[in-house]
Amino acid sequence: MKIIDALKWRYAAKRMNGKSIPKAKMEAILKAISLAPSSFGLQPYSIIVVQNADLLEKIKPIASMQPQITEASAVLVFAVWDNLTQERIDNYITLISKVRDVTKESLNPIKRVIESQLVKTPEQNFNWNAKQAYIALGIGLVAAAEENIDSTPMEGFDPEMLDEVLQLKEKGLKSVVLLALGYRDEKTDYLVNLKKVRREENKLFTSLN
């Protein structure tokens, strides 16, 4: 039940107090994100951990002047592959071969399945990649809650401008979502004492027995 209590405690903090997250807690959150499931285990994204104050100041106007950007201890930028390419597939197959100590030839069946995605348009592949990043985001939110670290998922930003600031295009990446991590400011956050609102479970879930 620990995870349930953690999720009851968490909310999307609107104001943070600038306090730094201990290194061990940050590492635990990032480790959890690295273990997030993704289709084929491909992890078609990178996470940029932004803690530099000057850089966060540059990002703030790109993110609609949301205060969490500069009040957070860190902002994670989830940046997904702009497209699925043969090179990226080959690199993943090489990684599997190395980690599991198997031949690349034995991985040809899974390689062909992944390659079947190549017939899709870059936009379709980008959207598929973005869905995988959101799974990792969800894991990050839960991990932060378990560490009693506040978090705020954020989409209110200009992706093209952020990509330019972080030079993501040159890396074949596109930003899709941000995750601010830090500590809630109980004096200025209007949401801090409000009850969590969720639909009734009997309306949310449908059981087909």
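Read the figures in this text as sums done on the coordinates, not as results from a lab. Just so it is clear, the structure is predicted and the values come from calculations on it, not from any experiment. Positions of Cβ are backbone-derived with ideal geometry, glycine not excepted, and every protein chain shown enters the neighbour counts.
From the mean inverse distance of alpha carbon pairs (Kirkwood) and the Cα radius of gyration, derive Rg over Rh for the range 5-93.
On the way: Rg = 16.0 Å, Rh = 15.5 Å.
Result for the range 5-93 is an Rg/Rh of 1.03.
If R0 equals 35 Å, the separation of the Cβ atoms of Asn91 and Leu191 corresponds to a calculated FRET efficiency of about 0.25. Pick from Ser151, Ser34, Ser97: which is most flexible by mean-square fluctuation in a GNM of the chain where alpha carbon atoms under 10 Å apart are linked? Between Ser151, Ser34, Ser97, it is Ser97 that shows the largest mean-square fluctuation.
When Rg and Dmax are taken over the Cα atoms of the chain, they come to 19.1, 60 Å.
Summarising the amide proton neighbourhood of Leu173: residues at separation of 5 or more, or on other chains, whose placed amide H is nearer than 5 Å comprise Asp82. Counting only Cβ charges, +1 for Lys and Arg and -1 for Asp and Glu, the dipole size of the range 142-209 around its Cα centre is about 360 debye. For the residues Ile89, Ile47, Ile110, a GNM of the chain with alpha-carbon springs under 10 Å puts the largest fluctuation on Ile110.
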